[in-house]
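Just so it is clear, none of the values below were taken in a lab; they were calculated from the coordinates. These numbers were taken from a predicted model, which means no experiment stands behind them. So basically every Cβ, Gly included, is an ideal-geometry build from the backbone, and we count neighbours across all protein chains shown.
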Amino acid sequence: MWNVIHQRAALIREPNEVRILRVVRDAGEISRIEIAKLTGLHKTTITDLVGKLIRAGFLEETGAVESRRKVGRRRISLRFRPLAGLVAGVDIGMTHAVVALTDLNAHILQQKTFQYPLDASAEEVLSEIATTIQTLLTSANCSQSQLVGIGMGVQGVIDYPRNVLVLSYNKKAWQGESLSALLEKRFKVPVYVENDVKTMALGEYLLGAARGTKHFVHIWVGEGVGAGIMINGQLLHGITSSAGEIGFNELEFPPYYAERFPLTFRNQVMFGQILTDANLIESYRRAAGSTDDGRLSVASIARKAASGDEPARRIIDEFTSMLSMLSINLVNTLNPELIIVGGKLAQNYPPLAETLQDKIRADLLTPPAEAVHVRSARHGETGVILGAAGLVLYELFEPLHTFSVRSSLRPAGTKEGVSPDGESGM
């Protein structure tokens, strides 16, 4: 793998090492004999690989456990050491960034948020991120050598593997800027940069509602609407890395939307202009004649709907119907097993996922619609952070055939999309 992760990470790039680590992590504690039964690997192979992983610091022996046999050696139990390395996850928002330090299980050890002006430059924000990572390491009594990678989620389209922001409506001044160079130079570790919604999708895949599901779509509603698409356990980027930008789909027949969505449609031209938190709040303000600007929020509207407030219920129903239109297109195109819906509305209004599933099935009575399930995202405000950490963990623990090139710190002599061993990657 990368030289900066030393030789430890290189040990787990082969599928057999990955299989053993996964088995131990999932089991909590397990013996070598039990690993052999679960993986089908030869006992000698397991002994050799476990020894390497112990020396690398990823596994440790926890003592002897009684064997079922009355004679022979007692089995030695093994467990994964999540503090064998540390990961920094970063969520870059419009005017704030959240930086977290996690272990190799993506458990957050330290976290800090800082604010910055809307017109802050990329260099200013990245410099503050570097300072914050160092502060978190110091606060956790950890050294920089324990850091194995940095993952970042940001709004916009990313050019891989240069980690250059190509297009962002909220960070136009950052377009053309590398978001990894400064941090790679400062910490000498690989930095992975991903679109924020795709990052959240990866977080749900590794640690949330999509765990164990290889074909799903994560729809997020916030400042707009976007989707992270996972196909066979890999994020779909597309030729220009803009796959999932469903908010730019146009509303082609305005009179239809004006009639069907009288509370939320006001001559917008794209789905992403209607399906926003701001439009939800403005729609309720207009429908209810509310002037309570200070306390009106997505959460308060969700509470009003849950308590029977008619304008709130109707507005959320319109939102859900429009989400179902986007979802039906995704079901027809991608045939996913699961749709995850996230954002403040999904987080604060639990019936949303079930209602969305009912609308999809009512409007699309076909086997794909019957097969797809809808769930709320498990991670709310921490979704980008956990997904950003997951970018590093995905690289670290996935088998070699999923090797990617998101970090610009590729090993010398390797071509884009090709691993150091010459095998093609994702």
*In terms of the Cα gyration tensor, with a ≥ b ≥ c the square roots of its eigenvalues, is the range 297-390 rounded because a/c is under 1.5, prolate because a/b exceeds b/c, or oblate?*
oblate
*Using a Förster distance of 60 Å, the FRET efficiency for R285-T138 (Cβ separation, nearest 0.05)*: 0.85
*asked:* As a quick test, which of the pairs K112/K188; K171/K304; K171/K344; K112/K344; K214/K359; K112/K171 have an alpha carbon distance above 30 angstrom in this structure?
replied: K171/K304
*Setting aside same-chain residues fewer than 8 positions from K43, which lysines have a Cα under 17 Å from its Cα?*
K52
*Alpha carbon centroid spacing (whole Å) that separates the range 282-338 from the range 102-181*: 32 Å
*Amide H of V374: which non-local residues (sequence gap of 5 or more, or other chain) have their own amide H closer than 5 Å, using H built in the peptide plane?*
I339
*Want the number for A278 to K37: 0.36 nm per residue separation, take away the alpha-carbon distance, what's left?*
81.3 nm
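Please give the net charge around I274, taking every other residue with its beta carbon less than 12 angstrom from that of I274, where Lys and Arg add +1 and Asp and Glu add -1.
Taking every other residue near I274 into account, the sum is -2.
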*Name the chymotrypsin sites (Phe, Trp or Tyr not before Pro) in the range 340-403 that are in a loop by DSSP and that have at most 15 other C-beta atoms within 10 Å, would you?*
none
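Can you give the Rg/Rh ratio of the range 135-293, where Rg is from the C-alpha atoms and Rh is the Kirkwood radius?
When Rh is taken as the Kirkwood radius, the ratio is 1.07.
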*Hey, what do the phi angles of the range 243-257 turn into as Karplus ³J(HN,Hα) couplings, whole Hz, using 6.51/-1.76/1.60 and θ = phi - 60°, x for Gly and Pro?*
4, x, 7, 6, x, 8, 5, 8, 8, 7, 10, x, x, 4, 5
*Using the beta-carbon distance between M270 and R211 and R0 = 30 Å, what value does 1/(1 + (r/R0)^6) give for FRET efficiency, to the nearest 0.05?*
0.40
_Tilt relative to the chain, helix 196-207 - C-alpha long axis, 0 to 90 degrees, to 10_ = 50 degrees
*asked:* Can you tell me what share of the DSSP beta bridges in the chain is antiparallel? A percent to the nearest 5 is fine.
replied: 60 percent
*Exposed trypsin sites (Lys or Arg not before Pro) absent: longest stretch of the chain, with sites in DSSP loops and at most 11 other Cβ within 10 Å deemed exposed*: 74-210
*With N residues in the chain, what two-decimal value do you get for its Cα radius of gyration over 2.2 N^0.38 Å?*
1.07
*Could you give the length gained on full extension between E259 and F114, defined as 0.36 nm per residue of separation minus the Cα-Cα distance, in nm?*
47.8 nm
*Using R₀ = 30 Å, calculate the FRET efficiency as 1/(1 + (r/R₀)^6) where r is the Cβ-Cβ separation of I239 and H96; round to 0.05.*
0.40
*Relative to the longest principal axis of the chain, what angle (0 to 90°, nearest 10) does the C-alpha long axis of helix 277-288 take?*
30 degrees
*Cα-based helix-to-principal-axis angle, 43-56 vs the chain, degrees rounded to 10*: 70 degrees
*Please identify every one of the GluC sites (Glu not before Pro) in the range 231-261 that sits in a loop by DSSP and has no more than 16 other beta carbons within 10 Å of its own beta carbon.*
E252
*Do you know the relative contact order of the chain, to the nearest whole percent, from alpha carbon pairs under 8 angstrom that are 6+ apart?*
17 percent
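With a cut-off of at most 15 other beta carbons within 10 Å, and DSSP calling the residue loop, which chymotrypsin sites (Phe, Trp or Tyr not before Pro) in the range 186-283 qualify? Please list them.
Sparse-neighbourhood loop chymotrypsin sites (Phe, Trp or Tyr not before Pro): none present.
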